[in-house]
Amino acid sequence: MNDWLPIGTLDDIPRLGSRVVETVFGDIALFRTAADEVFALRDRCPHKAGPLSQGIVHGKRVTCPLHNWVLELESGAVVAPDVGCAQRFEIKLEDGRVYLARS
Amino acid sequence: MKPKLILIGNGMAGVRTLEELQKIAPGKYETTVFGAEPHVNYNRILLSPVLAGEKTFDEIVINDRSWYDDNEITLHTGRKVVSIDRKHRVVLAEDGTEASYDRLILATGSQPFILPVPGKELEGVVGFRDIHDVSRMLDASQKHKHAVVIGGGLLGLEAANGLLKRGMHVTVVHLLDTLMERQLDKPAAALLRRSLEDTGVNFLLEAQTEAILPAPRALAEEPPRVGSIRFKNGTEIPADLVVMAVGIRPNIELAKSCGIHCERGIVVSDTLQTYDPRVYSVGECVQHRGNLFGLVAPLFEQAKVCANHLAEYGIGRYQGSVTSTKLKVTGIDLFSAGDYLGGNGYEELVFQDPTRGVYKKLVVKDNKVKGAVLYGDTVDGSWYFQLMRENTDIADFRETVMFGRAHMADSGREGQSVMGMSADAEICGCNGVCKKTIVDAIVGKKLFTLDEVRAHTKASASCGSCTGLVEQILAATVGNYDQTPKEKPMCKCTEHAHDTVRAAIVEQGLKTMDAVFKALEWKTADGCHSCRPALNYYLLCAWPDGYKDDPQSRFINERVHANIQKDGTYSVVPRMWGGLTTPNELRAIADVADKFKIPTVKVTGGQRIDLLGVKKEDLPKVWGDLNAAGMVSGHAYGKSLRTVKTCVGSEWCRFGTQDSTGLGVKLEKITWGSWTPHKFKMAVSGCPRNCAEATIKDFGVICVDSGYEVHVGGNGGIKIRGTDLLCKLGTEDEVKEYCGAFMQLYREEARYLERTAPWIERVGLTYVKSRIVEDEEGRKVLNERFLVSQQTAQVDPWAERVQGKEQELFQPLRALA
Ligand SMILES: Cc1cc2nc3c(=O)[nH]c(=O)nc-3n(C[C@H](O)[C@H](O)[C@H](O)COP(=O)(O)OP(=O)(O)OC[C@H]3O[C@@H](n4cnc5c(N)ncnc54)[C@H](O)[C@@H]3O)c2cc1C
Ligand code: SF4
Ligand code: SF4
Ligand code: FES
């Protein structure tokens, strides 16, 4: 069973942008796509730990601000030919409110 | 149910079309391929190295079975299609296999033309087209001695070279008196002939074949085999193997038999459709705008357009290609492109060095390169080809153009010969990629395009200054056949080039990014990290007062008005006009550094103070304190005006001729806040001693007794370039006007991320002078437009954020304990 933590509202996150949630294990980046879907990944690029929340969001992907690696928001997987994966977190959207799964 | 797609012809053009389709619309069709050859798709071009023993068949396979499986493509090898029923949309193969289609691609290629002379059907008379021909040649080379190649073109000479390497005695017979007459002029052809003779090939020029004669048979049941060739003039030479390489004929019988309109080839439109719109055709079998094709570069362009159409993007059109050729004979360097003969109205620039065996000719008209032939030294082939494709004005470097790129004013890295470099030489400094890595990736992963090499190795993927070298390595490794199209698309989201998009924004009055996506049929819903920042800039430049800047389309530095560092902290540089500061400002900076525990304070190369290691959430507070002391953003992070560097000039220096500091401050006050295609730096030096290094800036002023020298197009950085002198001016006001006009011209016409140096090299200094110096009216208008756009640009982004704009972006959404 997922334990859902309220994080904020959809409007808090800019469209095609990102906000972070601070945790004791490091930041989690929440991304909002053009279609208003929200995804969450650990805010650490698998390449050299760049802050993904500062990247450019396009489609269901984000480009890391440091060296342009591209990651799939849905899975956290790095788009080929680069390889790697950022940890992903479950998100629930309800009535414009965003919830993060405590796992 | 998915629509069904059938490809007839498992060759280079057809399968490339499927690859392109797979890239943009994977799994859109249920795909079936029929190939007459019993093999998977291989690189036909590399049959020559296979014949010469430099490669094996396995090495030239492009797509093995698993590729077809992975992409769920059904492959029928060894099955020739014999009829097409267009009414019921069914194809039938020789062995009875049937399949139905919704769309059909004919990519049947061509076949060698066989001279209609007696004896042409004898055993041992072959063409040079497929792996079967190669194995017949190899077989003959083991059992027999004399080979005769009919045809002194590219294919014939590569065949001759291969057979020679396999130990045969080879004679090349050619109808004309010069070799490769479709690619070479006479001097180059003569040099080529001499080198090939040195390796042992015999030539019989101006010889017309009359008959191929059989050898006496040892056993009656053996099929009759060739024994000699007789020419019109009566001479006869021994021949145990005859290779016909006198030209190719498009394979159009199948298309004709089902009623598709053919002339010399299958006639196609700009979308590669035949007269039956369900039926496409690509490759050597097509005839497009009256032309036939015999090289892969244009076929690959066709493949791309065809795939686009099949994917229903429908924006690409094929409009013909410019091609270049290289001979793949090891040890012979030869390059030819475009109109290599010249003549009426064309000028020829020729360079000859007989002792080194070098011959170069450029055909030029109105200072544009129209064609090139290079022999012995082909390092600059790709450069000349680029000048030709981009129609570059060479007036500014015409005197040195023959000496190659290395002798250009910016003796950049592209000038070096890559093949002479060692395997561990670093090619891409940005990503630390050495030559061997690139070559290994090209060979190991069978890469063909610059994009692929970039994707797999990252070489030239960052700053791009080594692109020329990477292209050369690619060319030298796989054969120079996959040329980039005339205008490169902006990125993978579109077929359109930067200039086309920009023109459309202005002409069609596109005022938002969505309008651009729609009008120009973007392939992605919201672009990518490469096109969005460019579009944001183009829109901003085109509509200074109407377009609303999109922060999500800016790189992080421009979004948070500070430079991101490798650990995710930021650096902050306050503006110091002309490099001047005051004790008060310095105190404020010191206080800020203490208060926010900023670990590093450093003076930059542009004479500013850099505070490094600021945490993101502290940024607005840091700015607030700096603002309070009267300082604004230094834009050290932006594609915008950076700094104006000055020396102390006449106010203090004993050599100073003018007030360089004062002028620098004025220029910075006019231009700060302006967004530009790439960063823009200025400097003003008080005398020709040039202490402010004005000659490596985008816009540099050198004061002299009688006024001001204006220099443009310089930069430091990876590839240093000294400025060009634009003109000499008498007053400060003139300098200001020229500065505004120059910046605006650059803002409006350079491509995003193109600095002034490569921009000026591309358009020519002559052009820039014609707009800024010679056209007084035009200059004033440009400057006016610059000043108008500055009215909305000169807002301090720091102050806005200190007052709360986008405050949330600097704060976490929530902190979890
Ligand atoms: C030895 C050699 C060297 C070359 N060197 C160069 C070079 O250096 N640079 C360069 O640019 N180009 C070079 N070329 C030319 C280049 O290989 C061709 O332009 C290219 O292969 C043409 O591609 P295509 O798909 O049109 O035809 P192909 O690659 O010939 O493919 C057509 C395929 O269709 C099959 N087919 C035909 N009819 C049917 C049917 N009815 N049913 C099923 N299948 C059928 C054929 O068997 C063949 O496999 C070279 C060619 C050769 C032979
Ligand atoms: S450039 Fe000339 S005027 Fe300026 S500091 Fe140097 S010597 Fe003095
Ligand atoms: S030269 Fe520039 S990019 Fe390279 S390490 Fe120094 S600051 Fe960074
Ligand atoms: S840290 Fe993300 S691409 Fe390098």
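The strands (runs of 3 or more DSSP E) located wholly in segment B:340-409 that include 3 or more residues which are under 25 Å from the mean Cα position of the chain (by Cα) occupy B:358-365, B:368-375. Number of residues in segment A:69-85 that are modelled with pLDDT of 90 or more, surrounded by fewer than 18 Cβ atoms within 10 Å (Cβ to Cβ) and at the interface with chain B (Cβ under 10 Å from one of its Cβ atoms): the value is 0. For first residues located in segment B:650-661 and over 13 Å from B:P688 (Cα atoms) and in contact (Cβ under 8 Å) with a residue 60 or more places away in the chain, partners that are more than 16 Å from ligand 4 (Cβ to nearest atom) and hydrophobic (A, V, I, L, M, F, W, C) and lie 6+ apart or on another chain with Cβ distances below 9 Å form the pairs B:T661/B:L580; B:T661/B:C647; B:T661/B:V648; B:T661/B:W652; B:T661/B:V684.
When you check A:V38 against the structure, is it away from ligand 4 (no atom under 16 Å from the Cβ) and either aliphatic (A, V, I, L, M) or open to solvent by 30 Å² or more (accessible area, probe 1.4 Å) (or both), yes or no? Taking the combined requirement at face value, the residue satisfies it. Would you check if B:A147 is more than 14 Å from chain A (Cβ to nearest Cβ), within 14 Å of ligand 1 (Cβ to nearest atom) and within 14 Å of B:L204 (Cα to Cα)? When the stated conditions are applied, B:A147 does not pass them. Applying the condition of being closer than 22 Å to B:M743 by Cβ, touching a Lys or Arg at 6+ places or on another chain (Cβ under 9 Å) and not aliphatic (A, V, I, L, M) to segment B:648-670 and asking which residue is nearest to ligand 4 (Cβ to nearest atom) yields B:E668.
Entry remark, segment A:1-11: residues being more than 9 Å from every other protein chain (Cβ to nearest Cβ) and in contact with a Lys or Arg (Cβ under 6 Å, 6 or more places away or on another chain) number 3 in total. Residues that are within 13 Å of chain A (Cβ to nearest Cβ) and either surrounded by fewer than 20 Cβ atoms within 10 Å (Cβ to Cβ) or not in a loop (DSSP other than H, G, I, E, B) (or both) occur in segment B:488-505; there is at least one.
When the residues of segment A:12-53 are filtered to those that are in contact with a Gly (Cβ under 6 Å, 6 or more places away or on another chain) and more than 7 Å from chain B (Cβ to nearest Cβ), the one that is farthest from B:R814 (Cα to Cα) is A:P46.
Being open to solvent by 20 Å² or more (accessible area, probe 1.4 Å), away from every other protein chain (no Cβ under 13 Å) and at pLDDT 80 or above is the filter here; which residues of segment B:450-471 pass it? Of everything in segment B:450-471, just one residue is open to solvent by 20 Å² or more (accessible area, probe 1.4 Å), away from every other protein chain (no Cβ under 13 Å) and at pLDDT 80 or above, namely B:E471. Pairs linking a residue in segment B:550-576 that is within 10 Å of another protein chain (Cβ to nearest Cβ) and in contact (Cβ under 8 Å) with a residue 60 or more places away in the chain to a residue that is among the small types (G, A, S) and open to solvent by less than 10 Å² (accessible area, probe 1.4 Å), with Cβ atoms under 7 Å and 6 or more positions apart or on different chains, are B:N557/B:G638. Among the candidates B:H288, B:H261, the residue that is surrounded by fewer than 20 Cβ atoms within 10 Å (Cβ to Cβ), farther than 30 Å from B:H146 by Cβ and either within 26 Å of the chain's Cα centre (by Cα) or not small (G, A, S) (or both) is uniquely B:H261. Just one of the listed residues (B:V268, B:V246, B:V279) is closer than 19 Å to B:T323 by Cβ and either within 14 Å of ligand 1 (Cβ to nearest atom) or of a type in the set (S, T, Y) (or both), namely B:V268. With a requirement of 3 or more residues that are surrounded by 15 or more Cβ atoms within 10 Å (Cβ to Cβ), the helices (runs of 4 or more DSSP H) lying completely within segment B:25-106 that satisfy it span B:47-51.
When B:K595, B:K602, B:K615 are checked against the criterion of being open to solvent by 60 Å² or more (accessible area, probe 1.4 Å) and touching an Asp or Glu at 6+ places or on another chain (Cβ under 6 Å), a single residue qualifies: B:K602. In segment B:527-545, the residues that are in contact (Cβ under 8 Å) with a residue 40 or more places away in the chain form Cβ pairs under 6 Å with partners that are of a type in the set (G, A, S) and open to solvent by less than 30 Å² (accessible area, probe 1.4 Å), at six or more places apart or across chains, as follows: B:P533/B:S553; B:P544/B:S789.
Taking (1) buried (at least 24 other Cβ atoms within 10 Å of the Cβ); (2) part of a loop (DSSP other than H, G, I, E, B) in turn, B:T330 satisfies each apart from (1).
The values are calculated or read from the model by the stated rules, or taken from the named source; none is laboratory data. Owing to the predicted nature of the structure, the values given are computational and were not obtained by experimental measurement. Because the Cβ atoms are built from the backbone with ideal geometry, glycine has one as well, and the counts that use them run over all protein chains shown. Surface accessibility is based on the protein's heavy atoms, side chains included, excluding ligands, DNA and RNA. Shrake-Rupley method; radii C 1.70, N 1.55, O 1.52, S 1.80 Å.
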